[in-house]
Amino acid sequence: MIGVYFCFRHDDAPSFFEDPNSQKQVPCPHIHDPAEKYISLVIPAFNEEHRLPGALDETINYLQERAGKDKSFTYEVVIVDDGSDDATKQVAFDFVKKYTVDNVRVILLGRNHGKGEAIRKGMLHSRGELLLMLDADGATEVTDLEKLENQIHAVASKEFRVGESTSSDSSFRISDIPLAAFGSRAHLEEQALATRKWYRNFLMKGFHLVVLLTAGSGIHDTQVIYTHACAQAHTLTSGC
């Protein structure tokens, strides 16, 4: 039996993931709960049955390798099926069975809401101190997250003097500091323009204008990593 993972939160009733291995229910987290993992990787997926396996294999192999070297490195992969009408959810469930519901979780949106809403839902129900979105097509190398991760820690260390004022405070966590690090994928834009439909290019250019107005001229196409506190402050919770 393959469990259906709906993850909605209501004031009068808790929500759960269903573990397809044990058939037990696992409480569904919320961004306003304390972080339980070091990093969460949110993967929105719409009709990605063919590309998702390769992206997940690469991502989880990398995460397991890091976890093997550093016992403090804990992770989860949150796959958000955005109303796919192919075998995307079956592919995702197979990875849950293989790696357990503690490390890989699936949210089913039921119908297509769009990439933005899929990412929002994934962020809302993530447990990481750091939260990163990855595309299901593997457009971004998972190893690149270390560049964003290093920037988060560097800014925290400089601006909040993590190494000095909090080194003796065992309760301090990077998740408590509201920070976001932005990376650029502008070098991939020419290839993307050639393969995307015209209306997606139009929307992409519109988004780039918003990024220009809000983040400045140095960022042309974004990958963003958030701390837990930053996601709490900026993720809309209405309707979840």
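A short reminder: the numbers here are calculations on the coordinates, not readings from a lab. As the structure is a computational prediction, the values presented were derived from the model and not from experiment. Quick reminder, even Gly has a Cβ in these numbers, built from the backbone with ideal geometry, and neighbours come from all protein chains shown.
Taking the dipole about the Cα centre of region 25-136, with the C-beta of Lys and Arg at +1 and of Asp and Glu at -1, give me whichever of Ser72, Ile43, Asn103 is farthest to the positive side.
The Cα lying farthest towards the positive end belongs to Ser72.
When a/c reaches 1.5 or more, the comparison of a/b and b/c decides; with that in mind, is region 23-74 rounded, prolate or oblate per its Cα gyration tensor?
Oblate.
For region 74-135, which trypsin sites (Lys or Arg not before Pro) are in a loop by DSSP, counting at most 11 other Cβ atoms within 10 Å?
Of the trypsin sites (Lys or Arg not before Pro), the ones in loops of region 74-135 whose Cβ has at most 11 other Cβ atoms within 10 Å are Arg111.
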